[in-house]
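To start, the structure under review is shown below, and the notes come after it.
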Amino acid sequence: MTVVAHPSLLRELVERCETLGRHAVSGGSPEVERRFEDATYTLCVVTGPRQLDAALSVARRQLADAMTRQQPFHR
(Lines give C-alpha, C1' and ligand atoms only; values in the text may rest on other atoms or scores of the structure.)
Protein backbone atom coordinates (compact mmCIF):
# COMPACT_ATOMS: atom_id res chain seq x y z
CA MET A 1 0.00 0.00 0.00
CA THR A 2 1.33 3.42 -0.98
CA VAL A 3 0.61 6.44 1.18
CA VAL A 4 0.15 9.69 -0.70
CA ALA A 5 0.32 13.04 1.07
CA HIS A 6 -2.44 15.58 0.64
CA PRO A 7 -1.83 17.73 -2.47
CA SER A 8 -1.74 20.97 -0.46
CA LEU A 9 1.08 19.59 1.71
CA LEU A 10 2.99 18.37 -1.34
CA ARG A 11 2.57 21.71 -3.09
CA GLU A 12 3.78 23.60 -0.01
CA LEU A 13 6.82 21.35 0.43
CA VAL A 14 7.80 21.53 -3.26
CA GLU A 15 7.54 25.32 -3.23
CA ARG A 16 9.47 25.55 0.05
CA CYS A 17 12.27 23.28 -1.23
CA GLU A 18 12.57 25.20 -4.49
CA THR A 19 12.56 28.64 -2.84
CA LEU A 20 14.90 27.76 0.01
CA GLY A 21 17.16 25.83 -2.36
CA ARG A 22 17.62 28.91 -4.54
CA HIS A 23 18.46 31.01 -1.46
CA ALA A 24 20.84 28.40 -0.06
CA VAL A 25 22.74 28.11 -3.35
CA SER A 26 23.10 31.88 -3.64
CA GLY A 27 24.87 32.14 -0.28
CA GLY A 28 22.00 31.94 2.15
CA SER A 29 22.43 32.19 5.89
CA PRO A 30 22.86 29.16 8.12
CA GLU A 31 19.18 29.57 9.06
CA VAL A 32 18.14 29.32 5.39
CA GLU A 33 20.32 26.27 4.92
CA ARG A 34 18.80 24.61 8.02
CA ARG A 35 15.27 25.35 6.81
CA PHE A 36 16.17 23.98 3.37
CA GLU A 37 17.53 20.78 4.94
CA ASP A 38 14.37 20.45 7.07
CA ALA A 39 12.09 20.95 4.07
CA THR A 40 14.13 18.48 2.01
CA TYR A 41 14.01 15.87 4.78
CA THR A 42 10.24 16.28 5.18
CA LEU A 43 9.60 16.01 1.44
CA CYS A 44 11.74 12.87 1.27
CA VAL A 45 9.88 11.31 4.21
CA VAL A 46 6.49 12.15 2.69
CA THR A 47 7.33 10.87 -0.80
CA GLY A 48 9.73 7.99 -0.09
CA PRO A 49 12.95 8.72 -2.02
CA ARG A 50 16.08 9.72 -0.12
CA GLN A 51 17.34 12.24 -2.69
CA LEU A 52 15.76 15.65 -3.24
CA ASP A 53 15.56 15.38 -7.05
CA ALA A 54 13.74 12.05 -6.83
CA ALA A 55 11.44 13.33 -4.07
CA LEU A 56 10.55 16.39 -6.14
CA SER A 57 9.81 14.15 -9.13
CA VAL A 58 7.52 11.90 -7.08
CA ALA A 59 5.77 14.90 -5.52
CA ARG A 60 5.16 16.53 -8.92
CA ARG A 61 3.81 13.25 -10.31
CA GLN A 62 1.48 12.87 -7.32
CA LEU A 63 0.31 16.49 -7.73
CA ALA A 64 -0.39 15.90 -11.44
CA ASP A 65 -2.33 12.73 -10.59
CA ALA A 66 -4.35 14.62 -7.97
CA MET A 67 -5.20 17.33 -10.51
CA THR A 68 -6.32 14.70 -13.01
CA ARG A 69 -8.61 13.08 -10.43
CA GLN A 70 -10.14 16.46 -9.54
CA GLN A 71 -11.10 17.34 -13.10
CA PRO A 72 -14.87 17.31 -13.52
CA PHE A 73 -16.36 14.83 -15.96
CA HIS A 74 -17.18 16.50 -19.31
CA ARG A 75 -19.54 15.04 -21.87
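Based on protein heavy atoms only, the chain ends up with 75 Å² per residue of surface accessible to a 1.4 Å probe. Ligands, DNA and RNA left out, the accessible area of the chain computed with a 1.4 Å probe is 55% carbon and sulfur. Among the trypsin sites (Lys or Arg not before Pro) within segment 1-74, those in coil by DSSP and having at most 15 neighbouring Cβ atoms inside 10 Å are 50. Here the chain is treated with +1 on each Lys and Arg Cβ and -1 on each Asp and Glu Cβ, and its dipole about the Cα centre works out to around 360 debye. Taking every alpha-carbon pair under 8 Å whose residues sit at least 6 apart, the chain reaches a relative contact order of 34 percent.
Within the set (1) 38, 27, 20; (2) 53, 27, 16; (3) 44, 25, 21, the number that Cα extents along the principal axes in Å takes when calculated for this structure is listed as (2).
The values are calculated or read from the model by the stated rules, or taken from the named source; none is laboratory data. Since the model is a prediction, treat every value here as computed from it, not as a measurement. Positions of Cβ are backbone-derived with ideal geometry, glycine not excepted, and every protein chain shown enters the neighbour counts. In case anyone asks, the SASA skips ligands and DNA or RNA and just uses the protein heavy atoms, side chains included. Shrake-Rupley method; radii C 1.70, N 1.55, O 1.52, S 1.80 Å.
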